[in-house]
There are 2 protein chains.
Amino acid sequence: MASSAETRTIADSERCEDVAAHVTRLGQQARRAAAILREATAEEKNAALRAMAAQLEQQREQLRSANARDLEHARQEGLSAALVDRLQLDDRRIDAMITGLETVAALQDPVGEIDSLRTRPNGLQIGQMRVPLGVIGIIYESRPNVTIDAAALCLKSGNAAILRGGSEAVHSNTAIAECIRAGLVQAGLPEACVQRVGTSDREAVGALIRMDEHVDVIIPRGGRSLIERISAGATVPVIKHLEGICHVHVDRHADLDQAREIALNAKCYRYGICGAMETLLVDEAVAADFLPEMARRLGEQGVELRGCDRTRQLIEAGIAEESDWSSEYLAPILSIRVVDGLQSAIDHINHYGSHHTDAIVSQHQGNIRRFMAAVDSSSVMVNAATCFADGAEYGLGAEIGISTNRLHVRGPVGLEGLTTRKYIVIGDGHVRH
Amino acid sequence: MASSAETRTIADSERCEDVAAHVTRLGQQARRAAAILREATAEEKNAALRAMAAQLEQQREQLRSANARDLEHARQEGLSAALVDRLQLDDRRIDAMITGLETVAALQDPVGEIDSLRTRPNGLQIGQMRVPLGVIGIIYESRPNVTIDAAALCLKSGNAAILRGGSEAVHSNTAIAECIRAGLVQAGLPEACVQRVGTSDREAVGALIRMDEHVDVIIPRGGRSLIERISAGATVPVIKHLEGICHVHVDRHADLDQAREIALNAKCYRYGICGAMETLLVDEAVAADFLPEMARRLGEQGVELRGCDRTRQLIEAGIAEESDWSSEYLAPILSIRVVDGLQSAIDHINHYGSHHTDAIVSQHQGNIRRFMAAVDSSSVMVNAATCFADGAEYGLGAEIGISTNRLHVRGPVGLEGLTTRKYIVIGDGHVRH
């Protein structure tokens, strides 16, 4: 008889094989669905999105009761109030999911777009056609509404999706997935256009992110640790959304009243969003004029200030340590640094920032131009608050995240970020000489 | 006293540390150079390219004698004639390098381009600005001219380059690199804009492809084994150029004379290029009309034919095994398959092909439209030979390879493929409500 250690090993390896086989099957089905979806018209895809919305409307009762089970379990497990809040699927959030589906249905379908077809001297016409990426794996935490957002954006952009939500939302996600499935069937599209990983086994994530044959891109949505774990383990390309250490730089040629409004809004619009300002930079030439009133207004909002030496000569503030310059507080805390001028501001941002979203407040055209060219961030703003960094604000309709990658897509990722372009070459019997 | 095994271990680890330190230093220098290059004007970059061309012209003697040393060594090592040929740097190839630099200097600079700036309802102007990727690592084999091509394209697109050529071309590459360095200095740009890895130690490649902090993308140029080795080991994103298993499909609505000219050219223009046709698909409705004359013409060129059963009922051909459908021959060999119709052709291409370049010959608008939408390749052609798959033929001026990736860039990679786009957001005191 095998020892218990041996038995456990065998059981583990069987479990892994099952999980691997399950994920492989999902991948194969997704690949086949993607081949059909690639050719689906906008009308067919929109019909599915609208059918999903109708299903959500009809299934409100079931959605709420499935969610109640997740919430009950979360409370038993002692999850934090913030996590329980994210998990919640009340009528307002169900409304938002329905509106989200309608918004995506109303967006222009990017697939098949050929923005120009140039004619070469030999008469060959050459252009690029926008096409789906193929199969997209989405790995996310707690918020069950991501299930519908991700499904909608992937479907509309012609991609098959494999979704892997957090185990804490399993009942909610199952109920939402059933609405998605029913919507697809109603519209005559394959069910495998949107699939869920049917196990909470961690092995499944490992298999998904290394299944290059059947998965074309992985998009993790969640905290830094999730994203780093996935990036480190994936062989499939990952569209990452890392943190936002965002700056506002007050140039010596800024309208200082405007600069205060922008800085206040960038910090206080919402503390927890990735576009919130974490460090305020101020040109030394205007620091004495600018900072005292700025500090007073931030103080009214209860924002804790941490400053460099020069800052602390002008206002009351704690000491900003070296680590403050690379901290994403996501809280009513702000670090402030007085800089020598534009170049110092640019150097600070490119060195300590996270290449997410950074703004200059200035009326000086030359300085604005330099800042826009030199700041190496996915969004560079002029005289606007960093909290505008958001797909809806940018007119993308909806977003699946904000990419901090350099390749493929930077900044808010909408439908276009979920597509790629292939060359089309049209001749009339052309041969090469 | 340490045993000899211990001594070796220590020496090895010291060597590795040296290599790692060397590569890290290159990365840090490249990152600093990239920050300067990001803001360089087209004029400054073009001046450097032209100065490099002038250096090559002046240094012909030195280039040829450095190359003679590599060739001598290659012959001593018994390298194949094909490899020795690739290594050769004669006057014709030096001319081609000089012309290449001038061609790249004449190309439009993509950096800073903002193709549209839309105004949101709240007055915010939002657009995307084309910017360099940052630092590009190029890993290549034998052909020393890649040193200049890669340097030119990276520089013009505003990227710092770290080049790692094959050890067989070390003297040639050193001589070319000296011309590059001198050109950069003459134009007042940092020498570190283009650097060479200064060791042939394999550890250096390993360090380069995992240096996410200082390298933004890796482009391997070489055979399949090089590319697979690098893709497997890299944590930095890789722009891959895998093989071309290219198809021509002769539709039932093709002009059969045109189809024969295209197929002949696609196969025989040059056997060794990635855009060469490897499999010919023929609709059963026209196979009997099409194939005998096609076989005769291919036979005249000495092309060996391997066919499916239905093909072999119509013409003399060897048996195409299952493995033939996924073979990149790069030789005067062609596999031929008679298919039931358009859908079978599409299925065959998407299943057995390498998503590189595939063509349909047809006069039927509906079939052409379906083929273009359904074939999942980086280039899809209509009534043109697959051997047109090439950056220069597409009007890109020059290419650094043909990407078989899905993300970021597919097909020939020119200057645009070496850039990315960041959002620019321009307001006038905009705050979010």
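The values are calculated or read from the model by the stated rules, or taken from the named source; none is laboratory data. The structure presented is a predicted model; accordingly, all values stated were derived computationally and were not measured. With ideal geometry, Cβ positions are generated from the backbone for all residues, glycine too; neighbour counts draw on all protein chains shown. Remember, those area values only see protein heavy atoms, side chains included, never the ligands or the DNA or RNA. Shrake-Rupley method; radii C 1.70, N 1.55, O 1.52, S 1.80 Å.
Per residue, how large is the accessible surface of the protein assembly as shown? Use a 1.4 angstrom probe and give square angstrom.
Per-residue value: 40 Å².
If you count only protein heavy atoms and use a 1.4 Å probe, how large is the accessible surface of A:Ser327, to the nearest 10 Å²?
The accessible area of A:Ser327 comes to roughly 30 Å².
Using the beta-carbon distance between A:Glu102 and B:Glu57 and R0 = 45 Å, what value does 1/(1 + (r/R0)^6) give for FRET efficiency, to the nearest 0.05?
0.10
With respect to the axis carrying B onto A, what is the closest chain B residue by Cβ position, and how many angstrom separate it from the axis?
B:His408, 2
Using a label position 7 Å from Cα in the Cα→Cβ direction, what is the ascending list of nm distances from B:Asp347 to the same site in the other copies?
Spacings between copies for this position, smallest first, are 6.5 nm.
Could you please put A:Arg164, A:Arg93, B:Arg92 in sequence from largest to smallest accessible area, using a 1.4 Å probe?
B:Arg92, A:Arg93, A:Arg164
With viscosity set to 0.890 mPa s at 25 °C, what whole-number translational diffusion coefficient in µm²/s follows for the protein assembly as shown from Stokes-Einstein and a Kirkwood radius over Cα pairs?
83
How many Cβ atoms of partner chains, on average, are near each residue of A:37-46 if near means within 10 Å of its Cβ?
Across the residues of A:37-46, the mean count of other-chain Cβ atoms within 10 Å is 1.
Can you give the mean number of other chain Cβ atoms that lie within 10 Å of the Cβ atoms in peptide A:401-410?
5
In a GNM of chain A with a 10 Å cut-off on Cα contacts, which of A:Ala82, A:Ala234, A:Ala285 has the highest mean-square fluctuation?
Residue with maximal mean-square fluctuation among A:Ala82, A:Ala234, A:Ala285: A:Ala82.
Nearest 500 deg cm²/dmol is fine: what mean residue ellipticity at 222 nm does the protein assembly as shown get from its DSSP H runs of n ≥ 4 alone, each adding -39,500 (n - 2.57), divided by its residue count?
-14500 deg cm²/dmol
How much accessible surface area, in Å² rounded to 10, belongs to the heavy atoms of B:Thr103 with a 1.4 Å probe?
Spelled out: B:Thr103, probe radius 1.4 Å, area about 50 Å².
Consider a paramagnetic label point 7 Å from the Cα of B:Glu77 along Cα→Cβ; state which residues of segment B:121-151 have an amide N under 14 Å from it.
Label zone hits: B:140-144.
Among the aspartates and glutamates, select those whose C-alpha is under 13 Å from the C-alpha of A:Lys240, and discard any that sit fewer than 8 residues away in the same chain.
Counting by Cα, and skipping residues close in sequence, A:Lys240 has these aspartates and glutamates nearby: A:Glu228.
Using the Karplus curve 6.51 cos²θ - 1.76 cosθ + 1.60 with θ = phi - 60°, work out ³J(HN,Hα) for each residue of segment B:191-200 in order, rounded to whole Hz, and write x for Gly and Pro.
Karplus-based 3J(HN,Hα) across segment B:191-200 equals 4, 6, 4, 10, 10, 10, 5, x, 8, 8 Hz.
What are the nm distances, shortest first, from A:Arg210 to its equivalents in the other copies, labels at 7 Å along Cα→Cβ?
The answer, with the shortest distance listed first, is 1.6 nm.
Mind grabbing the interface size between A and B? I mean buried accessible area, both sides, 1.4 Å probe, in Å² to the nearest hundred.
What A and B bury together is about 5700 Å².
Quick one: label points 7 angstrom along Cα→Cβ at B:His364, distances to the other copies in nm, smallest first?
In nanometres, ordered from closest: 6.7.
Between A:Thr235 and A:Arg25, what is the label-to-label distance in nm when each label sits 7 Å out along the Cα-to-Cβ direction?
2.3
Please name whichever of B:Ala389, B:His433, B:Ser225 sits farthest to the positive end of the charge dipole of chain B, dipole taken about the Cα centre and charges placed at Cβ: Lys and Arg +1, Asp and Glu -1.
The residue sitting most towards the positive pole is B:His433.
Across the residues of A:372-382, average count of Cβ atoms on other protein chains within 10 Å?
Per residue, the number of nearby Cβ atoms from other chains is 6 on average.
Which of A:Ser403, A:Ser377, A:Ser116 ends up with the largest GNM mean-square fluctuation for chain A, with Cα atoms connected below 10 Å?
Of A:Ser403, A:Ser377, A:Ser116, the most mobile in the Gaussian network model is A:Ser116.
With no solvent and one point per C-alpha, what does the Debye sum give as log10 I(q)/I(0) for segment B:4-233 at q = 0.13, 0.17 Å⁻¹?
For the requested q values the scattering log ratios are -0.81, -1.24.
Please get the size of the charge dipole for chain A, origin at its Cα centre, with Cβ charges of +1 on Lys and Arg and -1 on Asp and Glu, quoted in debye to the nearest 20.
1100
Quantify, in whole percent, the carbon and sulfur part of the accessible surface of chain B (1.4 Å probe; protein heavy atoms only).
With neighbouring chains kept in place, the figure for chain B is 47 percent.
Angle, helix B:342-352 long axis vs. longest principal axis of chain B, Cα atoms, 0 to 90°, nearest 10?
Approximately 40 degrees, to the nearest 10.
At 1.4 Å probe size, with no ligands or nucleic acids counted, give the accessible surface of A:Val185 in Å², nearest ten.
Ignoring ligands and nucleic acids, A:Val185 comes out at about 70 Å².
How far apart, in nm, are two points set 7 Å out from the Cα along the Cα-to-Cβ line at B:Asn122 and at B:Glu300?
That separation, rounded to one decimal, is 7.0 nm.
Considering only A:Ser200, A:Ser326, A:Ser225, give the residue with the highest GNM mean-square fluctuation for chain A, with springs between Cα atoms whenever their separation is below 10 Å.
The residue with the greatest mean-square fluctuation here is A:Ser225.
Show me B:27-36, B:309-318 ranked by packing, highest mean number of other Cβ atoms within 10 Å first.
Peptide ranking by packing, descending: B:27-36, B:309-318.
Quick check on segment B:62-195: of the DSSP beta bridges with both residues there, what percent are antiparallel, nearest 5%?
35
How big is D, in µm² s⁻¹, for segment A:133-263 by Stokes-Einstein at 4 °C and 1.567 mPa s if Rh is the Kirkwood radius over C-alpha pairs?
79
If the cut-off is a Cα-Cα distance under 22 Å, which lysines reach A:Lys45, setting aside same-chain residues fewer than 8 apart in sequence?
Within the straight-line limit of under 22 Å, A:Lys45 reaches these lysines: A:Lys156, A:Lys422.
Compute the relative contact order of chain B as a whole-number percentage, counting only Cα pairs closer than 8 Å that sit 6 or more residues apart in sequence.
So the answer I get is 18 percent.
Would you calculate the volume per residue, in Å³, of the smallest convex hull containing every Cα atom of segment B:246-388?
Here the figure is 86 Å³ per residue.
Counting only DSSP beta bridges with both residues in the protein assembly as shown, what percent are antiparallel, rounded to the nearest 5?
Percentage antiparallel, nearest 5: 25.
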